[in-house]
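Since the structure comes first, as structure tokens, the remarks are kept for the end.
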Amino acid sequence: MNCHELQQFLETREQLSLPVECEAHARGCPACLKKLELHRRMIDGLLVVRAACRPPDLAGAIVAKIQSRVSAPEPLVEKLRRWWQFVSPTTPLKASVFYGMAGVLIFALCWAVLYRASTLVPLKKDEPMAVWRVSFLSGSVPKSLETFLHAGSGAIPTGTTIETGPAGIAQVTLPGRCELDAVGARLEVLEDGIRLLSGKANIQVQPEAGGRKPFKARTPFALVTVIGTHYSLELTKTSLTTTVQAGRVRVETPGGLVKELGAGEKVIAGPAGWITAPSLPFPQPSLSSATNTVQPGTDRPTVPED
Amino acid sequence: MNPSPEQPDRFLIERSKSGDLGAFEALARKFQGLVFRFLFHFLGSASDAEDLTQETFLIVYRKLSQHDSAHSFPAWLMAIARNLAISYKRKNIPFPLDPAVIASVIKDVCPAPERELLMKEAAQEVHDSLAKLPEIHREILVMRYLLDLPLNEVALLLNIPEGTAKSRLFKARNELKELLESYRPAEIPLGL
């Protein structure tokens, strides 16, 4: 045996044992002797380590654990621990899936934040809040409004309910947007319109700058939407009469029926839908005379009996 | 008939699948040594090996219905133990071998009393160096030389061709020799 053969032998022999030829060659070759000593040290170590392992009897403990787990439900902490063991990136495959998913999640979050930021409309901090004003032309001022009004008139916040009483008249305005005469009416002023609870209201709406935001009058029987027009509403317990003096008005019942009225047309809506179809145009008043259709004392409309 | 470890694997597995805990206990008693020895040498710690051996058999019991009887049960069992051992966050420094155990086994292993000390040192060196090997090399050395399994069985357990197992074994052995050649005793962790 020569040095090359010994080297081959040590590297490619599966068994750990060494034949006598190796020993014989190594006695005369210091380099091979060193390699042989190292190999022998490895064999000795492996032999002792192999013998040093004394497996304990765990079968009883395993069965006891199984029995306790069968009788008791698995605690949440244990479930979480096992779940984390399953997903934690401990192997190359798991690590690639774990970090890949984390990357996708971070990318999605960044994209969502950046995309949202680009589509957000900045708040118009300088835009004034809608402030309604009310002025009682006749009838008594309700107690709930006394704190807001001086001498029967003043500004009121959105959400306030105005009640004129059976024969009272109040002029309600949203400056630059709406002028409204409430006659024997009860109504609530809102951000984008009013809610008519009872009585009659003659409404004149100016188109808003930009003209996209409609003015809405809500009633139990219909939602009346306009951009800019002049019309009147009369709400009784059984019906809502919408009469248009100028412009166009859209009337929509809770049942989904929709009518668009032009100048001079009117429609009556009840709980079950339309009571009458739009009437033929009646003689149209001029816009200048129709800005305030209710003149206190002189042009007082009749209050419906029901 | 009471189940015992001497009965065939298939019989014990079928009985265990039907909920017979006695059969499963016999199955665990039959294979616990193999699993424990693999985990002990792979992790370098007896207490970790004990915990993971129990965990391995708990998983085996839970997933026994998924075991295909056409495949080798020991291979399936060892695959579970191996995955658990790889997932387990072990310390880089292995626990030192128990001197009492070494002293008791050295006489059985060592043919000449004058070599006892050398063999003790070699055992500690091999034990420490194994912990420094990559998992892929450590597991094949443990299976072939410490569990004394034939190479074809090792290939079966690792689910690789026999030729691949052989070349991997030689690489692992050479790497172990390199580590032994440059061996410096590991620092014993505080508190042990």
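The values are calculated or read from the model by the stated rules, or taken from the named source; none is laboratory data. None of these values were measured; they are calculated from a predicted model. In this analysis, Cβ positions are derived from the backbone assuming ideal geometry, glycine residues included, and neighbour counts consider all displayed protein chains.
A few notes on this one:
- Output for the range A:202-231, where each listed residue is more than 23 Å from residue A:255 (Cβ to Cβ) and at pLDDT 90 or above: A:202, A:203
- Residue A:196 fulfils the conditions (1) surrounded by fewer than 18 Cβ atoms within 10 Å (Cβ to Cβ); (2) part of a strand (DSSP E or B); (3) under 32 Å from the mean Cα position of the chain (by Cα) except for a single criterion, (1).
- Sole residue being surrounded by 16 or more Cβ atoms within 10 Å (Cβ to Cβ) and either in contact with a strand residue (DSSP E or B) (Cβ under 7 Å, 6 or more places away or on another chain) or part of a helix (DSSP H, G or I) (or both), chosen from B:86, B:102: B:102
- Annotation note: Cβ proximity below 6 Å between a residue of the range B:3-25 that is outside the structural domain of residue B:57 (by TED's automatic domain parsing) and a residue that is surrounded by 14 or more Cβ atoms within 10 Å (Cβ to Cβ) and among the hydroxyl-bearing types (Ser, Thr, Tyr) (sequence gap 6+ or interchain) occurs for no pair.
- Residue identified as under 30 Å from residue B:97 (Cβ atoms), touching an Asp or Glu at 6+ places or on another chain (Cβ under 9 Å), modelled with pLDDT of 90 or more and at the interface with chain A (Cβ under 7 Å from one of its Cβ atoms) among B:32, B:54: B:32
- When B:165, B:155, B:172 are checked against the criterion of being under 19 Å from residue A:50 (Cα atoms) and at pLDDT 90 or above, B:172 stands alone in meeting it.
- Residue in the range B:131-153 that is part of a helix (DSSP H, G or I), away from every other protein chain (no Cβ under 12 Å) and more than 30 Å from residue B:99 (Cβ to Cβ) present: yes
- Considering the range A:207-262, the residues that are part of a loop (DSSP other than H, G, I, E, B), among the aliphatic types (A, V, I, L, M) and free of Cβ contacts under 8 Å to residues at least 40 places away in the same chain include one that is surrounded by the most Cβ atoms within 10 Å (Cβ to Cβ), namely A:227.
- Some residue of the range A:20-30 being part of a helix (DSSP H, G or I) and within 7 Å of chain B (Cβ to nearest Cβ): no
This table checks each residue for (1) in contact with a Cys (Cβ under 6 Å, 6 or more places away or on another chain); (2) more than 7 Å from every other protein chain (Cβ to nearest Cβ); (3) exposed (fewer than 10 other Cβ atoms within 10 Å of the Cβ); (4) not in a helix (DSSP H, G or I).
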{"site": "A:48", "(1), (2), (3), (4)": "no, no, no, no"}
{"site": "A:61", "(1), (2), (3), (4)": "no, no, no, no"}
{"site": "A:73", "(1), (2), (3), (4)": "no, yes, yes, yes"}
{"site": "A:86", "(1), (2), (3), (4)": "no, yes, no, no"}
{"site": "A:94", "(1), (2), (3), (4)": "no, yes, no, no"}
{"site": "A:102", "(1), (2), (3), (4)": "no, yes, no, no"}
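- Cβ-Cβ distances below 6 Å connect the following pairs, each with a first residue in the range A:76-96 that is free of Cβ contacts under 8 Å to residues at least 40 places away in the same chain, a second residue that is part of a helix (DSSP H, G or I) and aromatic (Phe, Trp, Tyr), and a separation of six or more residues or different chains: A:89/A:98.
- Residue match in the range B:40-48 (condition: in contact (Cβ under 8 Å) with a residue 60 or more places away in the chain, facing chain A (nearest Cβ under 10 Å) and assigned to a helix (DSSP H, G or I)): yes
- Residue match in the range A:244-267 (condition: closer than 30 Å to residue A:142 by Cβ, under 28 Å from the mean Cα position of the chain (by Cα) and not polar (S, T, N, Q)): yes
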